[in-house]
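Following: one structure in structure tokens, then a few remarks.
The values are calculated or read from the model by the stated rules, or taken from the named source; none is laboratory data. None of these values were measured; they are calculated from a predicted model. Don't worry about glycine lacking a Cβ; one is built from the backbone with ideal geometry, like all the others, and counts go over all protein chains shown. Heavy atoms of the whole protein, side chains included, go into the accessibility calculation; ligands, DNA and RNA do not. Shrake-Rupley method; radii C 1.70, N 1.55, O 1.52, S 1.80 Å.
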Amino acid sequence: MVPIREEADSGTPAPGVSRPCLRRASACALLFAPALLLATLDFLCRLHLASLLELDHDPAARAAALHAAVLGVAKDLFFVLPAYAVFALAPRPATLRLAHAAFAIAAAILAVDVVYFYITLEHVEPVLFVNLNRHAIRGTLTPQSALLVAAGAVGLWALSRVNGRLLARAGRSRPSRWALALLAAAWIAAGVPLVAAARAEMPRAERPLDRFLNESRNAYLEKVSAPIVGNLFAVIARSVSLERSRPRRAFEAYSPDERSVLEDLALLAADSPVPETAPGRIPEIRRIALLILESLPAAYLHHYNPRVPKEATPFLDELVSRYPHSDRFFTSNMPSDWGLNSMFLSRLRPDWAGGRESLLSVLRDSLGFESYYVRGVSKHYGNELVTYTRLFQMDHYYAFEELDERYDAPWRSSWGFNNEVVYHEGIRILRENRDRKVFVVLKTIDLHQPGPFQGFPREHLPEELQRRNVGLFNALHWADHCLRTFFEKLEKERLFDDHTLVIVTSDHTPQPGVEYRETVPPDEYRRLGRLPLIFVTRDPGALRDLDTAGFASQVDLAPTVLDILGVPKPPGFVGRSLFGADPQRFSVGVYRDTFYYGSEAQSFTEVVSDAAPAPTLRSRAIRKWLRNLDASGDAGRAATPAPRARRRADPRGDGHRRPLRPPASRSSAWRHPDSGG
């Protein structure tokens, strides 16, 4: 760092301008140059975030994004300017180091946040610091991204050096310290309420479609305008208590009017669910595979949406037309871990402390099923190794690290191993446990945004897809091909028999990006939208009374699977089985602070944040209902510690890595064994 020292006056001042005035003006410029440099860097980063969120495709969105970026820069400068004000008051080596450190830390935080946002489309979250270690870094960084990180580190070092030299020269020029300090204090005092009250929003729209799009864009604008520097310190503080149990809530009694509202919505049965008994529709099932495709709405299937070319999803369309399925199966929550919580625990909001019964634990305890969870992403991403095993209570958890030891796969996306590898691992598990009761969850990643993975070169695609050359359609064709290959391997290994049940669904609907808006019909635009849900068995007739047309959501999946096997639904499961006629079927979900409800009689949303006013009786009743759902089971959790996943030695066979070949053909056709194909 350049030391501060007195500098002799030299040169001739301009006529009418004293030498001290020039010196002080120069000092002011040098003092605020680093802040201006940081603000410019911050502004460019926020514009990049806006482009990742696709806020740059029309003039109104671009204008709102610029407004949001300016607000965000102002918020970040509030964390840096006090250090410069102190330096202006007393330009000494200690205050110089303080201002220099403020700039360097802020610049590093911006760089980290941009990288994290590019991967997750979210600012840095508390979970990043819960399990930040070399395994997580190794599982996330590719050689290319490691080079980018190294280049970014060099750039940050260079910026830091420039900042240090500018500050040192400003200190040597002896600025008017009190004037600068008062100016900075006045700017901060005037800017805080202005920035706190200002909010970037899209202009009001008249058409329902535009209102839906603007709702999503406003949420994205909040991300663009969020304080990046302050957010990092906030999430570090929150990460300390991330794994602690929430305070217990006492059950709140309903007033007669509230009870009447909840009974009309058929929600009260979820407060104290009575275990249901059934003889079991396919009790001989001992092999279950749950295939959870990433970000696949029902509207991405040609069967539901003619805007999607039939060449994109031929196999998925065949499954829907041939097997029992639900046409109104809605997302209960998002992102993925929240959606999986709804599927496995039949709950609307996660209880991160764990200890509640899940679909996997119920089947293990009642029928002896051993559970496996396989996905191609690093197990350290989102701290899933800890949170998933605690919440869902699977017996085995295999992720990128385990698959990397077993397979040499040339096909990888930026997230990890693609669908083909995940399905191949699922076949291996089913084959090696042929005579045992197993529940295998295969979670894919290839359709994740941004940039879904396209496993086929363009010349290998069907002619219609080559002609259109739409990335989404090409990625759907790849996902459809991998799914077909999975069923072909099941049949080849003689694993698709009377003892097998395969369930095909998705974790949540995607973010409404450009391709989503151009593909999905306006009447399908919904934050918690429709998902595919297909039950594939040797004897589809055994599930013929599945309610195809009734409203349902992800919380209904676990009770439905238990009904197929004849296992009573445990207390605490919000959903209900989809078998049989039920005139009161409904879909239910929670996304952030909004409650979603849909039925034949009515569909609506309600803001359920306790911090927001509850002006209507329905709003107050639903908020109390949600709080009571969170309270149910607390006493049992306090008495019984959260169970940990049982870890067993992983059978490796011959111990050799099995290379996977790229798909050689796309013309293979899997048919149901009884279809004559």
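Yes or no: segment 513-525 includes at least one residue that is open to solvent by 10 Å² or more (accessible area, probe 1.4 Å), more than 28 Å from the chain's Cα centre (by Cα) and over 16 Å from P324 (Cα atoms).
For segment 513-525, residues open to solvent by 10 Å² or more (accessible area, probe 1.4 Å), more than 28 Å from the chain's Cα centre (by Cα) and over 16 Å from P324 (Cα atoms): absent.
Of the residues A581, A621, A612, which is surrounded by fewer than 10 Cβ atoms within 10 Å (Cβ to Cβ) and modelled with pLDDT of 70 or more?
Answer to the check: A581.
Considering segment 300-331 alone, what residues qualify as being open to solvent by less than 10 Å² (accessible area, probe 1.4 Å) and either farther than 23 Å from D446 by Cβ or at pLDDT below 90 (or both)?
Hit for segment 300-331 is S326, nothing else.
Pull up segment 586-596, narrow it to residues that are at pLDDT 90 or above and open to solvent by 10 Å² or more (accessible area, probe 1.4 Å), then point me to the one that is farthest from S336 (Cα to Cα).
It comes out as F586.
Name the pairs whose Cβ atoms lie under 6 Å apart, with the first residue in segment 563-576 and in contact (Cβ under 8 Å) with a residue 60 or more places away in the chain, the second small (G, A, S) and surrounded by fewer than 19 Cβ atoms within 10 Å (Cβ to Cβ), and 6 or more positions between them or separate chains?
Between residues of segment 563-576 that are in contact (Cβ under 8 Å) with a residue 60 or more places away in the chain and residues that are small (G, A, S) and surrounded by fewer than 19 Cβ atoms within 10 Å (Cβ to Cβ), the close pairs are D563/A278; L565/G280; G566/A278; G566/G280; V567/S366; G572/G633.
Provide a single number: the residues in segment 437-467 that are in a helix (DSSP H, G or I) and either touching a Ser or Thr at 6+ places or on another chain (Cβ under 8 Å) or within 30 Å of P335 (Cα to Cα) (or both).
1
Testing E491 on (1) surrounded by fewer than 16 Cβ atoms within 10 Å (Cβ to Cβ); (2) not in a helix (DSSP H, G or I), one condition comes back false. Which one is that?
(2)
Out of the residues in segment 368-386 meeting the condition of being surrounded by fewer than 21 Cβ atoms within 10 Å (Cβ to Cβ) and touching a Phe, Trp or Tyr at 6+ places or on another chain (Cβ under 8 Å), tell me which one is nearest to D435 (Cα to Cα).
Only one residue fits best here, namely E370.
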